[in-house]
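Visitor: Please find one structure pasted underneath; my questions will follow.
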Amino acid sequence: MSAQTDGGFGPFCGALGCTDDADVVIDHPKHGELTICNGCVVGHVVVRRV
């Protein structure tokens, strides 16, 4: 999706294959900070809520 096709809403989960709305920013050991949904947190440290 892009800002042009989704009506400008977001942010969306940055986990591969997930299109849910983003809820938190995590500190991923290999990729740094990622914005993802609550369902994709699974064991990662939450930095902040979005």
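Visitor: Quick one: order His31, His44 from most to least accessible surface, probe 1.4 Å.
Guide: From most exposed to least exposed: His31, His44.
Visitor: Sticking with this one: If the chain between Asp20 and His44 were fully stretched, how many nm would it gain, using 0.36 nm times the residue separation less the Cα-Cα distance?
Guide: Computed gain between Asp20 and His44 is 6.9 nm.
The values are calculated or read from the model by the stated rules, or taken from the named source; none is laboratory data. Not measured: the values here are computed from a predicted model. Keep in mind that these areas ignore ligands, DNA and RNA; they rest on the heavy atoms of the full protein, side chains included. Shrake-Rupley method; radii C 1.70, N 1.55, O 1.52, S 1.80 Å.
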